[in-house]
Structure formats: structure tokens, C-alpha cells
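The values are calculated or read from the model by the stated rules, or taken from the named source; none is laboratory data. As the structure is a computational prediction, the values presented were derived from the model and not from experiment. We place every Cβ from the backbone using ideal geometry, glycine too, and count neighbours over all the protein chains shown.
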Amino acid sequence: MIAFDTSTFSISQSWAHSCNGTDRLLVVSSFDPANGTSTASYNGVPMTLIAKQAIFGGFAINLFYLLNPPAGSHTISLSGSTAGASSSYTGVAQYSQPDSFGLATAGSFTNCPTSTTVAAKNCWLIGAHGAEGSNGLATLGILSGHIGQSREEHTYGSNHVFGFQVFDSDGIVGTGTQTMDPAILLGNLPWNQGCVLASFAPSISSNGLFMVSD
């Protein structure tokens, strides 16, 4: 089964992240203040962009992933994006990922509900959430009473404030349409928001096969 490993964030274009265990997965949520083209790499290995969600005002949030990232502590490097957060997991199938993904935006609302149609059994949901506002710093997280956990969140800036987080379901979800609610937990509205949500299947598949990476 999938398990959370570790997480970190940075308001720069590079930072260290340590991946441990077997059947590893690394995901990166990156914030692009120019809604341009962003890339991410880990230890020089290019990561795959799942999707980019534009945010009203000319910004974007990106969700990248890498299967079987090198074990140990290595550097995440971004281009285009200027800040980001990363989280890693174990017990993830090393093929045919992601299982599914969905996109969403929200205007001056507290939350940004985002859905995806999960196909495989025992998946976890993992997402990237970005926000932009002008009324002071905020705290990002998961709307109270809804599934999941924010692994890393941060807001920065003064007259123009940006925020981002990486979050997950903190457990398996069912198949079919599944929704998570990343949100502005503390802060003055309005905040423009965007989200990319993906499902990842475990290394133990529905037919009992087991995939192991080094």
C-alpha cells in the first residue's frame, strides 16, 4: 500500500529533498507567477508534468511527478516557476501513472473543490494548489471536515501575495469520482485559486501482482 515518506518546500528554484523506501514516487507542486512554461528535475532527472492550471491574474500551478526517484537526498530544480513544494511516497506502482487527474479553479471563495475519476483500486490522491491575493498572508490547507492533509504550504509576498501547497488524501480512496477541498483556511478574501489533483495506484494491484523498484 502507498505510504507518505517526507515533504519540504522552498521559495527559490532549488531545494533538497530526501526520498526513501521502495516503489518510490516524488511529486512537486510549483508556482509560476508568469503562467509560462515550467520544468522540474530531481538529481538532474527530468520530472513529468501532469498538468498546469492557470489562475486568474496571469499565474499558474503545476504538478510534476517522478517514478523511482534516486534514493537519498538530492536537489529539486525548477525553471519557469519560482517556488514550490515536494512530497514523496512509497508503495507506488512503477508504471501507468498517474491513474487519473483533474483540474479546477475558484475565485473569491474559501475553497477550491477539485475532482478526478479514479480507475484503480486503493489509490491515493495527491494535489498541487496555488493561490493569489492582495490582502495579506494566508494559511492554506484542507477544508475542515474533508479528507486529506496538507503536507507543505506557504504564502509569501507583500502587496501581491502568492501561496502554494502540496497535499494528499492521507489514505486510500474509492474508485469513481473523488473530490478534495484545498482551501484558504486563514486570510482575507478574495483569493484566486487553481488546483491539479491526481490519483496514483499502489504497487499491489487488484490482481495481486507486486512491482518492486531498487
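General remarks:
- Of the residues making up segment 1-38, those that are in a loop (DSSP other than H, G, I, E, B), of a type in the set (Val, Ile, Thr), surrounded by fewer than 20 Cβ atoms within 10 Å (Cβ to Cβ) and in contact with a Phe, Trp or Tyr (Cβ under 7 Å, 6 or more places away or on another chain) number 1.
- Residue 54 under 20 Å from residue 18 (Cα atoms) and modelled with pLDDT under 95: no
- Residue that is modelled with the lowest pLDDT, among those in segment 164-189 that are surrounded by fewer than 24 Cβ atoms within 10 Å (Cβ to Cβ) and assigned to a strand (DSSP E or B): 186
- Considering segment 85-101, the residues that are within 12 Å of the chain's Cα centre (by Cα) and small (Gly, Ala, Ser) include one that is farthest from residue 166 (Cα to Cα), namely 88.
- Residue list for segment 120-156, restricted to those being in a strand (DSSP E or B), of a type in the set (Gly, Ala, Ser) and touching a Leu at 6+ places or on another chain (Cβ under 8 Å): 127, 128, 131, 133, 141, 150
- Residue selected from segment 98-119 under the condition surrounded by fewer than 18 Cβ atoms within 10 Å (Cβ to Cβ) and in a loop (DSSP other than H, G, I, E, B), by the criterion modelled with the lowest pLDDT: 108
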